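The values are calculated or read from the model by the stated rules, or taken from the named source; none is laboratory data. Being a predicted model, the structure only gives us computed values, none of them experimental. With ideal geometry, Cβ positions are generated from the backbone for all residues, glycine too; neighbour counts draw on all protein chains shown.
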Amino acid sequence: MSEIRALLFDTFGTLVDWRTGLIAQLEQWGRARNIAADWPSLVVAWRRDHVPALAKVRTGQREWANYDELQAETLRQLAPQFGLPTLSDDTLDHLARMWHELPAWPDTVEGMARLRAKYVVAPLSNGHVALLVHMVRAAGITFDALFGADVFRQYKPDPKTYLGAVALLGCAPAEVLFVASHPSDLEAAAACGLHTCYVSRPLEYGAGVVVEQPPAEGDFDLMVGDLLELATVMESKALQHI
């Protein structure tokens, strides 16, 4: 893959630990208001139920709405199931913005810095640009560009997202490596002609919880344990190219 010029990254789960970050924020929010709930289960349900919400936008069943709006709507539907009181629109908006401040996985910041030394790097996320700006600043991650779903007014895995980001970087699909911890995301990118790298995040949904089966050897161009391993691989390829 010596032709690679840029790397695009999925964000939630791949670069940041949304589960741990959301549980911590919700626990703090609940304590301040004397509200108790099964926060770990709520967080996983929140993540799970946003998928059909994105699909409704992607398939034209509803008009465009950004990640904050969809997450607020999803939480409104979930709240009664977890014994939460009726939440105002302002409260729902506040809780949805918790997705703006999530901790990076331990390898993300260093790995990204090493990759950025040789390649153009950018997130390609279903989050919107404002969310990504806040997230990367809070997590201490540095990118060359930010591609949120609102840039394309469409959500992954629609081809407009992958190909749109590639075009904005001035690259051909074969010159871009898409990095994600979700096989379905990688399969969609590969169908658009991008190279693919699977990064393992076994704790994304909690220890022992598997939502997507890990890929088999050879399913994608690269398979790594974390971004530090990816940086080592790509540094070697850059030196070989020189």
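Things worth noting here:
Each row is one residue, and each column tells you yes or no for (1) of a type in the set (S, T, N, Q); (2) more than 18 Å from residue 139 (Cβ to Cβ).
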position	(1), (2)
3	no, yes
10	no, no
24	no, no
39	no, yes
53	no, yes
77	yes, yes
95	no, yes
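- Residue check, residue 133 among the aliphatic types (A, V, I, L, M), surrounded by fewer than 18 Cβ atoms within 10 Å (Cβ to Cβ) and modelled with pLDDT under 95: no
- Scanning the stretch 193-213 for any residue that is on the phi > 0 side of the Ramachandran plot and out of contact with any Pro (no Cβ under 6 Å at 6 or more places or on another chain) turns up at least one such residue.
- Picking from residues in the stretch 208-227 that are charged (D, E, K, R) and closer than 30 Å to residue 40 by Cα, the one that is modelled with the highest pLDDT is 226.
- Considering the conditions (1) assigned to a helix (DSSP H, G or I); (2) farther than 21 Å from residue 205 by Cβ, residue 70 is excluded by exactly one of them, (2).
Residues are listed down the side, and each one gets a yes or a no for (1) charged (D, E, K, R); (2) in a helix (DSSP H, G or I); (3) under 22 Å from residue 122 (Cβ atoms); (4) at pLDDT 95 or above:
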{"residue": "166", "(1), (2), (3), (4)": "no, yes, yes, yes"}
{"residue": "174", "(1), (2), (3), (4)": "no, yes, yes, yes"}
{"residue": "190", "(1), (2), (3), (4)": "no, yes, yes, yes"}
{"residue": "196", "(1), (2), (3), (4)": "no, no, yes, yes"}
{"residue": "206", "(1), (2), (3), (4)": "no, no, no, no"}
{"residue": "229", "(1), (2), (3), (4)": "yes, yes, yes, yes"}
{"residue": "237", "(1), (2), (3), (4)": "yes, yes, yes, no"}
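- Applying the criterion of being more than 15 Å from the chain's Cα centre (by Cα) and under 12 Å from residue 9 (Cβ atoms) to the residues of the stretch 166-188, the residue that is surrounded by the fewest Cβ atoms within 10 Å (Cβ to Cβ) is 177.
- Matching entry among 108, 86, 91 (being of a type in the set (S, T, N, Q) and assigned by TED's automatic domain parsing to the domain that holds residue 204): 108
- Identity of the residue in the stretch 71-129, of a type in the set (S, T, N, Q) and surrounded by fewer than 16 Cβ atoms within 10 Å (Cβ to Cβ), that ends up farthest from the chain's Cα centre (by Cα): 86
- Residues of the stretch 10-46 that turn out to be in contact with a strand residue (DSSP E or B) (Cβ under 8 Å, 6 or more places away or on another chain) and farther than 15 Å from residue 157 by Cβ, as a count: 4
- Residue check, residue 80 assigned by TED's automatic domain parsing to the domain that holds residue 56 and assigned to a helix (DSSP H, G or I): yes
- Residue selected from the stretch 208-225 under the condition part of a loop (DSSP other than H, G, I, E, B) and touching a Cys at 6+ places or on another chain (Cβ under 7 Å), by the criterion surrounded by the most Cβ atoms within 10 Å (Cβ to Cβ): 220
- If the condition is being in contact (Cβ under 8 Å) with a residue 12 or more places away in the chain and either in contact with a Lys or Arg (Cβ under 8 Å, 6 or more places away or on another chain) or assigned by TED's automatic domain parsing to the domain that holds residue 13 (or both), then the stretch 55-77 contributes 64, 68.
- Residues of the stretch 105-148 that turn out to be part of a helix (DSSP H, G or I) and of a type outside the set (S, T, N, Q), as a count: 19
- Candidate set: the stretch 1-32, residues that are charged (D, E, K, R) and modelled with pLDDT of 95 or more; chosen: the one farthest from residue 162 (Cα to Cα): 31
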